[in-house]
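The values are calculated or read from the model by the stated rules, or taken from the named source; none is laboratory data. For clarity, every value in this text was computed on a predicted model and none was experimentally measured. In this analysis, Cβ positions are derived from the backbone assuming ideal geometry, glycine residues included, and neighbour counts consider all displayed protein chains. Side chains included, ligands, DNA and RNA excluded: accessible areas come from the protein's heavy atoms. Shrake-Rupley method; radii C 1.70, N 1.55, O 1.52, S 1.80 Å.
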Amino acid sequence: MTASSSKQTISLDEWERKMREVPIAKSDLNQLIMNYLIIEGYKDAAEKFSEESGLTSSVDLGSIEERMQIRFAVQNGDIRAAIERVNDLNPDILDTDPRLYFHLQQQHLIELIRQGRAEDALAFAQDELAPHGEEHPELL
């Protein structure tokens, strides 16, 4: 029997009944909402929600705008600017999180390839990614 043949289909009514039976703590729901507001960059809404719910965020709400600038830079393929902004926000994070740094470097390589800069991409991979991969083989 394959995994796909063992799936059970239930009706919408049954699904809704099962969902109503799942206990969800208000604090968990509030934390989920707060995480969404922070991740999506809704600083004002996150601040207001924090006040109204009494929930304190583990993230500095003042850093949301800087985080959104980093996200915007990555989404626009400007990885160098993203790395610079990450360093401005937290100078130690790329040193202490090799996985994050490696993924940003991988994305830079992808952007070079997208731009048709094959020689630059090859040089970047050899000069930047390969040594980092040797230092941290778990990233490969």
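Using a 1.4 Å probe on the protein heavy atoms, what percent of the accessible area of the chain belongs to carbon and sulfur?
Numbers: 5310 of 10290 Å².
Here it works out to 52 percent.
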HIS136 accessible area, 1.4 Å probe, all protein chains in place, Å² to nearest 10: 40
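Starting from 0.36 nm per residue, how many nanometres of slack lie between ALA81 and SER57 once their C-alpha separation is accounted for?
Working: separation 24, 0.36 × 24 = 8.64 nm, distance 2.68 nm.
Additional length available on full extension: 6.0 nm.
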Quarter of Cα convex hull surface for segment 82-131, i.e. mean projection, nm²: 3.4
Nearest-10 value in Å² for the accessible area of GLU128, using the 1.4 Å probe: 80
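R0 = 25 Å: FRET efficiency of PHE72 with ALA25, Cβ-based, nearest 0.05? Please report the intermediate quantities before stating the final value.
Values: r = 34 Å, r/R0 = 1.37.
Calculated transfer efficiency: 0.15.
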Inverse mean reciprocal Cα-Cα distance (Kirkwood Rh) of the chain, Å: 18.9
With all protein chains modelled, accessible area of LEU112 [1.4 Å, Å²]: 10
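Express the accessible area of segment 9-140 per residue in Å², computed with a 1.4 Å probe while the remaining protein chains stay in the model.
Values: 9390 Å² over 132 residues.
Spelled out: the 1.4 Å probe surface of segment 9-140, per residue, equals 71 Å².
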Solvent exposure ordering (accessible area, 1.4 Å, most first) of GLU65, GLU134: GLU134, GLU65
Tilt relative to the chain, helix 79-89 - C-alpha long axis, 0 to 90 degrees, to 10: 70
Accessible-area order (highest first, 1.4 angstrom probe) of the listed residues MET68, MET19, MET34: MET19, MET68, MET34
Long-range lysine pairs (8 or more apart or interchain), the chain, Cα under 25 Å: 4
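Multiplying the sequence separation of ILE33 and THR9 by 0.36 nm and subtracting their Cα-Cα distance, what value in nm do you get?
Numbers: separation 24, 0.36 × 24 = 8.64 nm, distance 2.99 nm.
Difference between extended and current length: 5.6 nm.
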